[in-house]
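Working notes, structure below.
Since every read-out is calculated from the coordinates, none of them should be taken as a lab result. What you see is a predicted model, and the numbers here were worked out from it, not measured in a lab.
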């Protein structure tokens, strides 16, 4: 009789633990979705406003693009000479 009671008790404890784990998982998922929704709605996007950079940043970007372009051209010439 004791063996039956122990097995029933173990099965009950397993069910309780599984139920608690499912509830915790559900709470975490709902919390994550709520936070994602709130953060997503709080992000303000500029509408119809052109993207503009300060003068220093524009100059640096142009210099970077120029150097990349020159680098590609020089690599192309080296490959031409090698082949």
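Quick look at the values:
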item: Net lengthening on full extension, residue 67/residue 26 (0.36 nm per residue, minus Cα-Cα); result: 9.5 nm
item: Stretchable slack from residue 19 to residue 6, in nm (0.36 nm times residue separation minus alpha-carbon distance); result: 2.7 nm
